[in-house]
Amino acid sequence: MHLLGKNRRNIFTPHRVVIETESGDPLETRNDPRASFQGHRQETPWDDLHVAYFANYALWTYLTIPFLYTYPGFGCEELPPCQEGGEVWRPLKVSFPDDVPSHTREQISYFGPDGLLRRHEYTVDIMGGATGLNYAAEYRNADGIMVPTQRRVYAYNEKKEKIPHPVLVAIDIHHIAFG
């Protein structure tokens, strides 16, 4: 992941994260980055390597759903349909394998009548179980693949209803292409 205007990029693998200059000179490295979150709560401050780890695994997950769910080791179970925003959505409960970094091992993705992701529900283990409802919108065709270019993440209550304020994360993708 390139950090535009900062002459930095992040190199991410499940077991290592590196921050380096655009020319490849290492600035910071952390092995086993997930372990560095042990004992963290929502108010615990993060360093740049925490941010790099979280941002990279989260975006990788967000950009590869639903294709990610076809990888070996994933378990999927379709749940009964539900309604939100005037649409009937088909939820899919997904169990992530231990070797794939993500927010938590069990997540639910909700798909609209057109088969596109509408909502992604999870807790964030590295943030002490913080809740997240990640809404996908503003789909754009990128090289034949429909990609949501807007993401908004909200907390949810015990009924798994969106708490509308504040928006926890806002992601807007302006340019995307697959090569």
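The values are calculated or read from the model by the stated rules, or taken from the named source; none is laboratory data. Computed from a predicted structure; not experimentally measured. Glycine gets a Cβ as well: all are built from the backbone with ideal geometry, and neighbour counts include every protein chain shown.
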If we only count strands (runs of 3 or more DSSP E) wholly inside region 1-78, which ones have 1 or more residues that are under 19 Å from the mean Cα position of the chain (by Cα)? 8-13, 16-21, 75-78
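Results for (1) in contact with a Ser or Thr (Cβ under 9 Å, 6 or more places away or on another chain); (2) within 17 Å of L133 (Cβ to Cβ); (3) hydroxyl-bearing (S, T, Y), shown as yes or no for each residue.
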| site | (1), (2), (3) |
| --- | --- |
| R16 | yes, no, no |
| I19 | yes, no, no |
| T61 | yes, yes, yes |
| E77 | yes, no, no |
| P80 | no, no, no |
| W89 | no, yes, no |
| P97 | no, no, no |
| S102 | yes, yes, yes |
Unique match (being hydrophobic (A, V, I, L, M, F, W, C) and either at positive phi or free of Cβ contacts under 8 Å to residues at least 24 places away in the same chain (or both)) among A170, A177, A142: A170
Evaluate the following for S102: is it part of a loop (DSSP other than H, G, I, E, B), under 14 Å from the mean Cα position of the chain (by Cα) and among the hydroxyl-bearing types (S, T, Y)? yes
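Scan region 81-92 and tell me whether some residue there is crowded, with 16+ Cβ neighbours inside 10 Å, touching a Leu at 6+ places or on another chain (Cβ under 9 Å), modelled with pLDDT of 95 or more and of a type in the set (D, E, K, R).
Within region 81-92, one or more residues are crowded, with 16+ Cβ neighbours inside 10 Å, touching a Leu at 6+ places or on another chain (Cβ under 9 Å), modelled with pLDDT of 95 or more and of a type in the set (D, E, K, R).
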Restricting region 111-131 to residues that are of a type outside the set (D, E) and touching a Leu at 6+ places or on another chain (Cβ under 7 Å), the one nearest to D172 (Cα to Cα) turns out to be R119
Scanning region 126-179 for residues that are part of a strand (DSSP E or B) and acidic (D, E), the one nearest to F67 (Cα to Cα) turns out to be E138
